[in-house]
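The values are calculated or read from the model by the stated rules, or taken from the named source; none is laboratory data. Being a predicted model, the structure only gives us computed values, none of them experimental. Cβ coordinates were reconstructed from backbone atoms using ideal geometry, including for glycine residues, and neighbour counts include every protein chain displayed. What goes into the accessible areas is simple: the full protein's heavy atoms, side chains included, and nothing from ligands, DNA or RNA. Shrake-Rupley method; radii C 1.70, N 1.55, O 1.52, S 1.80 Å.
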Amino acid sequence: MVNNNKELPQTSKSAVLEKVLDLEIKQTPLSQLKANEVMIKIMAVGICGSDVHYYDQGRIGDFRVEKPLIMGHESTGQIIAVGDDVKDFQIGDRVAIEPGIPCGKCEFCRTGRYNLCPKIKFMATPPYDGDLTQYITYPADFIYHIPDNMSYEIGTLSEPFSVSIHAAQLMDIQPGTTVFISGAGPVGLLAIFAAQAFKAGKIIISDAEDSRLKIAKKFGADFTINVTNTDIKTETQKLTNGKGVDYVMEASGNNKAESESLLTLKSGGKIAYIGMPAHDTAPLDIMFMTTHEPQIFGVFRYANTYPLAISILQQKKEIAESLLTDFYSLDESQEAFERNKNSKGESLKIIIYPNEKLRNK
């Protein structure tokens with residue numbers, strides 16, 4: 001093991017969800033570094049909608065918090081030690097961390113769809129701890145170099161951006177087509193970058209907040225729709241000369257939007273459901289489905305997306321800065337989660353610093 005002759009930490013200060021709405025800061029054990037692992041000093045962690053679901057509801061679908069859980073899964077950091085078998089990383093490297101470790105043996109792993117691995121260990125998904133902590137040990141196979149001129153905060157966006165990239169890949173977005181994005185939260189805004197990368201000809205995005213739609217224009221959306229005063233089906237029909245859109249990325253998680261977004265599709269169009277739903281079920285228009293033959297995709301995380309996500313973010317980092325709105329220290333973690341839960345659209349991406357605070361609010 002290479003450790004630069006420095007004694008490695010044995011414990012790590014962490015933000016632990018003890019129960020619903022109770023996030024405590026405590027020292028937690030740090031696993032011993034293995035030969036295929038690196039030890040990372042976590043520099044920045046982005047708060048995700050799934051983190052907030054666990055925080056205020058204690059569950060997402062069948063995943064339930066039944067014991068104390070370290071939160072966080074959107075992170076970047078700096079390597080402070082490397083195992084003996086690690087060849088591609090060294091002490092001091094700046095990295096983004098892909099938060100899922102698949103088994104590598106099942107049919108999904110063998111066919112490259114490791115996001116569907118039934119044994120995947122995904123950070124901050126019960127029972128697996130996350131990385132809202134000062135240090136972690138982690139397999140080198142699931143970390144990625146980030147450029148020296150990319151901030152740790154922008155690097156954390158590799159995780160939510162990967163979801164949008166995966167949706168675009170699943171639907172196989174073609175050049176010159178029309179993409180409608182429902183919801184201008186962080187994933188929806190990053191979906192604009194994904195649609196651009198796949199050479200979409202026209203990008204439409206909707207939201208209930210004008211402030212977010214303004215940012216969407218900065219990100220490159222061609223048209224915006226405020227759903228509080230405009231019907232999305234009527235407006236998308238106008239923007240496509242009555243044909244309907246080719247692709248939809250539903251990123252809001254709003255049940256009404258989940259139902260209505262389907263109706264914006266042209267015959268044979270494709271829709272990907274990305275957003276974390278407010279409720280487990282939403283009504284879908286079966287008659288529309290049987291007469292328009294849409295293709296419907298569920299999106300569960302991502303696979304093999306991090307290098308592309310980092311590459312695009314490097315090109316778009318000045319624009320992506322608009323997503324970063326709130327900054328907290330580790331000791332302020334509960335305040336950060338409450339801010340995310342109650343912000344009503346004012347906050348986009350909240351960053352927590354497990355070690356030194358790099359930016360102020």
- Any residue in region 118-125 that is part of a helix (DSSP H, G or I), in contact with an Asp or Glu (Cβ under 6 Å, 6 or more places away or on another chain) and either under 28 Å from Leu348 (Cβ atoms) or of a type in the set (Gly, Ala, Ser) (or both)? no
- Is at least one residue of region 47-58 of a type outside the set (Ser, Thr, Tyr) and in a strand (DSSP E or B)? no
- Members of region 85-127 found to be touching a Lys or Arg at 6+ places or on another chain (Cβ under 6 Å) and without any contact (Cβ under 8 Å) to a residue 24 or more places away in the chain, listed by number: Cys103
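Would you mind stating whether Gly92 is over 20 Å from Gly220 (Cβ atoms) and in a loop (DSSP other than H, G, I, E, B)? Talk me through it step by step, then tell me what you get.
Numbers: over 20 Å from Gly220 (Cβ atoms): yes; in a loop (DSSP other than H, G, I, E, B): yes.
The answer is yes for Gly92.
Does any residue of region 66-79 turn out to be assigned to a helix (DSSP H, G or I) and either surrounded by fewer than 18 Cβ atoms within 10 Å (Cβ to Cβ) or touching a residue at least 60 places away in the same chain (Cβ under 8 Å) (or both)?
Going through region 66-79, the residues assigned to a helix (DSSP H, G or I) turn out to be none.
Among the residues of region 66-79, not one is assigned to a helix (DSSP H, G or I) and either surrounded by fewer than 18 Cβ atoms within 10 Å (Cβ to Cβ) or touching a residue at least 60 places away in the same chain (Cβ under 8 Å) (or both), which makes the answer no.
In the list Phe337, Phe300, which residue meets the criterion of being touching a residue at least 40 places away in the same chain (Cβ under 8 Å), part of a loop (DSSP other than H, G, I, E, B) and among the aromatic types (Phe, Trp, Tyr)? Show your work before the answer.
Numbers: Phe337 fails: part of a loop (DSSP other than H, G, I, E, B).
On inspection, the qualifying residue turns out to be Phe300.
Taking Ala282 as the residue in question, decide whether it is out of contact with any Leu (no Cβ under 6 Å at 6 or more places or on another chain) and open to solvent by less than 40 Å² (accessible area, probe 1.4 Å).
Values: out of contact with any Leu (no Cβ under 6 Å at 6 or more places or on another chain): yes; open to solvent by less than 40 Å² (accessible area, probe 1.4 Å): yes.
Considered against the rule, which asks whether it is out of contact with any Leu (no Cβ under 6 Å at 6 or more places or on another chain) and open to solvent by less than 40 Å² (accessible area, probe 1.4 Å), Ala282 comes out as yes.
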- Go through the residues of region 111-119 one by one and say whether even a single one is touching a Phe, Trp or Tyr at 6+ places or on another chain (Cβ under 6 Å), within 17 Å of Pro307 (Cβ to Cβ) and open to solvent by 40 Å² or more (accessible area, probe 1.4 Å). no
- Query: Hey, Met150 hits all of (1) of a type in the set (A, V, I, L, M, F, W, C); (2) closer than 30 Å to Leu239 by Cα; (3) assigned to a loop (DSSP other than H, G, I, E, B) but one; which does it fall short on?
  - Reply: (2)
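For region 285-296, name all the residues that are surrounded by fewer than 18 Cβ atoms within 10 Å (Cβ to Cβ) and of a type outside the set (Ser, Thr, Tyr). Break it down stepwise before answering.
First pass over region 285-296, keeping only residues surrounded by fewer than 18 Cβ atoms within 10 Å (Cβ to Cβ): 285-293, 295-296.
Those that are surrounded by fewer than 18 Cβ atoms within 10 Å (Cβ to Cβ) and of a type outside the set (Ser, Thr, Tyr): Asp285, Ile286, Met287, Phe288, Met289, His292, Glu293, Gln295, Ile296.
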- Say whether the condition of being open to solvent by less than 10 Å² (accessible area, probe 1.4 Å) and under 30 Å from Ala251 (Cα atoms) is met by at least one residue in region 23-31. no
- Quick one: which residue in Ile165, Ile173 is outside any loop (DSSP other than H, G, I, E, B), in contact with a helix residue (DSSP H, G or I) (Cβ under 8 Å, 6 or more places away or on another chain) and of a type outside the set (Ser, Thr, Tyr)? Ile165
